[in-house]
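Derivation of every value follows stated rules applied to the coordinates shown; laboratory data play no part. Treat the numbers as computed from the prediction; the structure is a model and nothing was measured. Glycine gets a Cβ as well: all are built from the backbone with ideal geometry, and neighbour counts include every protein chain shown.
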């Protein structure tokens with residue numbers, strides 16, 4: 001019963017708010033017409049004073065009096081006609097606001113709402129959150145506010161923060177979990193990923209130190225090894241990065257889900273994919289790319305010539321993908337190539353074209369988006 005009383009009160013308040021401008025507008029129009037009539041009457045009195053003072057001739061006074069009188073009559077005569085139509089219009093609007101709008105709202109609520117559902121305050125929802133992630137987070141936050149030394153609570157909350165893109169909160173949660181429960185590969189890798197997310201995909205010095213600590217606990221940790229190799233690539237050390245990625249590829253099972261991405265990094269740094277013949281033309285590349293002879297020749301080039309050669313190969317790959325877009329590895333390499341060349345606009349364009357061929361709902365589309373986030377490429381609008 002209380003609910004319906006509140007609905008009635010809110011409906012009345014909304015109706016008053018909507019009707020107030022209409023009522024105010026009619027009153028304002030009446031005030032304007034009354035003001036115009038008063039001005040014309042003042043002009044008639046002023047005209048008599050000018051005539052008595054000899055400032056104008058009787059003929060001029062008659063002409064002016066006739067003109068002012070005509071305007072005064074027009075204002076007084078038109079008032080009922082002007083107010084009739086707006087009044088009818090306002091009456092229709094008022095009827096809509098007072099009758100039809102509440103009826104439409106009630107019908108919509110009865111159709112799409114749940115009037116039979118009992119009220120459930122926040123405390124009750126926190127007691128039984130179900131699958132509501134927001135309520136689960138709120139419940140965990142309340143618990144940790146009361147018991148901030150509960151390491152397990154921070155350990156559970158940290159990855160949830162990260163998945164919901166609350167990276168600063170995730171960073172704090174991971175640090176608290178490590179402080180209270182001690183370091184573990186999962187916690188250290190999670191902290192490193194939050195640090196990279198804060199820095200737009202860059203493996204910072206602090207993130208690298210955290211990853212190295214993770215490797216001391218689990219030397220074969222593929223996630224930590226991948227990000228350390230990535231830090232070498234980002235630091236402009238392609239030979240070291242390639243060797244690190246190749247070592248990770250050799251360690252990884254043939255069906256490892258991260259292996260395609262590792263192979264892309266190997267190819268990007270001038271190596272051959274795991275399982276490919278290094279002597280084969282274009283081994284390790286998705287389309288036109290540097291062969292071993294190209295790499296050897298590039299070592300003798302100037303920096304400008306080397307950059308021009310790289311751009312030529314990237315543009316060749318771009319043209320080949322325009323003709324044959326059904327090449328997932330080619331799109332991965334093209335996006336990364338433009339990012340390495342610091343051409344973020346073309347990288348974003350290549351990402352959008354790649355996602356058109358491999359939409360995000362699929363595994364390959366998700367890998368393209370993950371690569372873009374890793375390289376700091378904007379993904380907004382890329383799927384449109």
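See the values below:
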{"item": "Sorted by Cβ density within 10 Å, fewest first, the residues 154, 258", "result": "258, 154"}
{"item": "Cα centroid separation - region 214-253 against region 165-186, whole Å", "result": "23 Å"}
{"item": "Ranked 143, 265, criterion: other C-beta atoms within 10 Å, fewest first", "result": "143, 265"}
{"item": "Sites residue 370 and residue 323, calculated FRET efficiency, Cβ-Cβ separation with R0 25 Å, nearest 0.05", "result": "0.45"}
{"item": "Ranked 174, 63, criterion: other C-beta atoms within 10 Å, fewest first", "result": "63, 174"}
